[in-house]
Every structure is written in structure tokens, then in C-alpha cells.
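Before any comments, here is the structure.
Quick note: the coordinates plus some simple rules give every number you see, no bench work behind them. Please read these numbers as outputs of a predicted model, since none were measured by experiment. When we count neighbours, we look across all protein chains shown, and the Cβ atoms used for this are built from the backbone with ideal geometry, even at glycine.
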Amino acid sequence: MTQIIDHGKWVPYQPDQLPPHAPPNALFARRESDGVDWYDYVRDPGSFTADGVKFTVMWHEAHAGWIVGAAVRDPTMLHPANQLVREIIDYRGGEPQTELGNRLYDPDTRRLRDRPPPLPNPLQPLLDRLAVIEARLGIAP
């Protein structure tokens, strides 16, 4: 069974004073639960496992669910503002982004699943009829 670690929900913020060497347009995020800064967290060797796959998850209204965004082994490649951060510590699959990206995630059960197929376009019958009419009138698409 896949073990997924919860690294929290991260929100954007602007520090009162920029850290040394930070460019003026740097983006910052902190964990909602305790205010820990993302850059401090990601630099702490105890935050993540060395071989685990780290991924971000964002709520999507259109899907009424949490969707996996970035999935990587190197957490410095993530910027989690307005997202959840999770980690699969026993990941045995192939390329993480290809296999995990765009999947549904359930924070309560800590499970991933495939998204259902998209619903058919309710306007498609009307569009098909319109295409036939345009073809009869000689109107190019």
C-alpha cells in the first residue's frame, strides 16, 4: 500500500523583510498550520525523504476535487502557494509527472485515483447539425 505523507497546506505571503540575496520579485509561501516558510522547510534535510516523490495538489471547482499538479523527486522544483504538498515515500513507478500528474487525490483517505472520463459536450448534437447546415450552404469551417 502506498504511504503518502502530509506536508500541509501552503499559502502565499510577503515577509516583512526580504531574506538576504532574495530578488525583489521572489514569491513566498508558508504552511498554513504553523507559518513555516517554504524555503526554510525545503532546505531542512529532515523535511522530506531522499527518494520519495513530492507533489502538489490544488482544488479544482470544475472537477469538485483535488488534482495533482507537479510531481517530482526534488522538492526545490515546487512552489506550493495555494496548494497542498504531499509525498509518496515508497513510490516504485516510472516518471512521477507522467504517472501522477492530473490524477485525483483524496486528502481524507490519502489515496490517488484516475480522473473519470470527461463528460460529453451537451452542445455537440447542435454543433453537428450546424456543421451539416454550413456544409450545405458552402460555408467553410
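What to note about this one:
- Each peptide in 6-16, 108-118, 79-89 was scored by the mean count of other Cβ atoms within 10 Å over its residues; highest first, the order is 79-89, 6-16, 108-118.
- Shape category assigned to region 33-114 from the gyration tensor of Cα positions, a/c cut at 1.5: oblate
- Each of THR76, PRO19, THR98 was scored by the projection of its Cα onto the charge dipole of the chain, and the greatest displacement toward the positive side belongs to THR98; charges sit on the C-beta of Lys, Arg, Asp and Glu.
- Length released on extending from ASP90 to LEU119, taking residue separation times 0.36 nm less the Cα-Cα span: 7.1 nm
- Per-selection Rg to Rh, the chain - Cα, Kirkwood hydrodynamic radius: 1.18
- Over the chain, Cα pairs under 8 Å with separation of 6+ residues give a relative contact order of 24 percent.
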